[in-house]
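Worksheet: the structure to be examined is printed underneath.
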Amino acid sequence: MTVQTGEGGSRPGSGSGPGPGSGPGSASSSVERPRRRDRHGRGLRGRLVPPGVPLYRSRAQQFDDLVLEAVARLEPRWETELSDVEFAVQEVPDADTIGEDEPVPLARIVQGSPDTSNPGHPATGPRIVLFRRPLLARAEDEDELSELIFDVVVEEVAEILGVDPEVIDPGYGDLG
């Protein structure tokens, strides 16, 4: 099982541009001194929230955690069937995947390639892609979001395995 999240890449403005003390009139342009103050003469900002507090994680990271929890709930019973399945999170569905009169999907399945003859494109398993924004729009609180994510994961796993969702989770469809 592989999980891909939306994290990674570089932040805007984190490149190596000219810093303080590197202008044409500076005495030492090869050695950059660490900044101790901001442009208003105040100290630099530190962390706003300590690492142990739940606010430390971004909303996207919290959503990824809910997806991991949903998959972890299925793993004890379906570990061998889920071993080749990848789970990914995408902000919104691509515009070309949505029809004009169709509702916005909550997830999709990207079929893998069973072809092992080409070493440049090795065989891959199916991938379940959950769409973060549509799921967030349909849930009113975190508990409802967690259950909605779990139900969507159950539906997609059931579609991959060719069984009813009630087989994957006997409590599927129960209200409450």
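Observations on the structure shown:
- Relative contact order %, region 54-168, counting alpha carbon pairs below 8 Å whose residues are six or more apart: 27 percent
- Neighbour-count ranking [beta-carbon atoms within 10 angstrom, fewest first] of Arg127, Arg42, Arg77: Arg42, Arg77, Arg127
- Cβ-placed point charges (K, R +1; D, E -1), dipole of region 54-168 about Cα centre in debye, nearest 20: 460 debye
- Distance in nm between pseudo-label sites at Glu142 and Ala72 (7 Å out along the Cβ direction from Cα): 1.4 nm
- Neighbour net charge for Val129 - beta-carbon separation under 15 angstrom, K R +1, D E -1: -4
- Compared with the direct C-alpha span, the chain from Glu159 to Glu91 gains 22.3 nm at full extension, assuming 0.36 nm per residue.
- DSSP-defined beta bridges in region 54-168 - what % are antiparallel, rounded to 5: 45 percent
- Computed over region 54-168, Cα set: Rg, Dmax in Å: 15.2, 48
Taken together, the values in this text are just the output of simple stated rules run on the coordinates, not laboratory data. These figures come from a predicted structure and were not determined experimentally. For neighbour counting, all protein chains shown are included, and Cβ atoms are generated from backbone atoms with ideal geometry for every residue, glycine included.
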